[in-house]
Amino acid sequence: MNESKLRDLLDQVSAGTLPADQALERLRTLPFAEAGQVLADTHRVIRQGFPEAVYAEGKTLAQTADALTALVTAHGCALATRVSAEVAILLQQRFPTGSYDGVSRLYRIGQMIGSFRSATVAVVCAGTSDIPVAEEASQTLEFAGARVNRITDVGVAGLHRLLARLDDLRAASIVIAIAGMEGALPSVLGGLVAAPVIAVPTSVGYGANLHGISALLSMLNSCASGLTVVNIDNGFGAAMAALRVLNMQPKAR
């Protein structure tokens, strides 16, 4: 159940078109729904503005499918992250209206009701090797109804490529900056734009990159004040941070 459905339920009780005991029965499953081994947090969208997402990696097919079923029942839509191609084939049989993207490894069923069309999030990645993480962020934002401007392959080794997109960057309400190797891109962006910059280190890089730890430490030690840093390869987390900011802004009507 989302905020709109809850408000509609209360309006029906207030108008006398829905008996209180029937409304109570509908609310008994809040704030979570039990499905197999899963306890789906169906109240999260009311508290945070975004429904629970299913982290599929490490879960069985049954656990993933049960969680998606509970969330679709509650919200009419659902999102699963880190879905393998093999699991996606089986999920497609269970949820034929869903769609899978092999780059981001997201499985999406429907889309959230709502709009952030008045604001744009720029999702910027240093190299094409960072695109899977960038797409996880971009498509999570689009699932929530946000507008995304993808800016790809503008790493600091060729700084002129980034400067050529400066107008687009400064027009964005939020910038998500994704980079591996030494992770310098978010620091550069932090010095160029006034918008919040959310940095995502990736595990892309040679040996001393340490699977993203070098990039993570570079971003945490950035001299660009106010930079926000999420975990390695966590495009979903970056998108969620951006959505929390957007939720504080007036939505387009």
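The values are calculated or read from the model by the stated rules, or taken from the named source; none is laboratory data. Computed from a prediction, not measured in an experiment: that's the story for all the values here. Quick reminder, even Gly has a Cβ in these numbers, built from the backbone with ideal geometry, and neighbours come from all protein chains shown.
Quickly run through the stretch 86-106 and pick out the residues that are more than 13 Å from Leu61 (Cβ to Cβ) and outside any strand (DSSP E or B). Talk me through it step by step, then tell me what you get.
Taking the stretch 86-106 and keeping what is more than 13 Å from Leu61 (Cβ to Cβ), we get 96-106.
Passing the criteria: Pro96, Thr97, Gly98, Gly102, Val103, Ser104, Arg105.
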> Among the residues of the stretch 146-156, is any outside the structural domain of Gly76 (by TED's automatic domain parsing), of a type in the set (Gly, Ala, Ser), in contact with a helix residue (DSSP H, G or I) (Cβ under 9 Å, 6 or more places away or on another chain) and farther than 25 Å from Gly98 by Cα?
Replying inline: yes
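Filter the stretch 49-87 down to the residues that are without any contact (Cβ under 8 Å) to a residue 12 or more places away in the chain and small (Gly, Ala, Ser) and list them by number.
Gly58, the sole residue that qualifies.
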>> Could you check the stretch 198-223 and list, in sequence order, the residues that are more than 23 Å from Leu243 (Cβ to Cβ), at pLDDT below 95, of a type in the set (Gly, Ala, Ser) and not in a helix (DSSP H, G or I)?
In response: Gly205
>> Condition (residue is without any contact (Cβ under 8 Å) to a residue 60 or more places away in the chain and within 15 Å of the chain's Cα centre (by Cα)) applied to the stretch 157-165: is it met by at least one residue?
In response: no
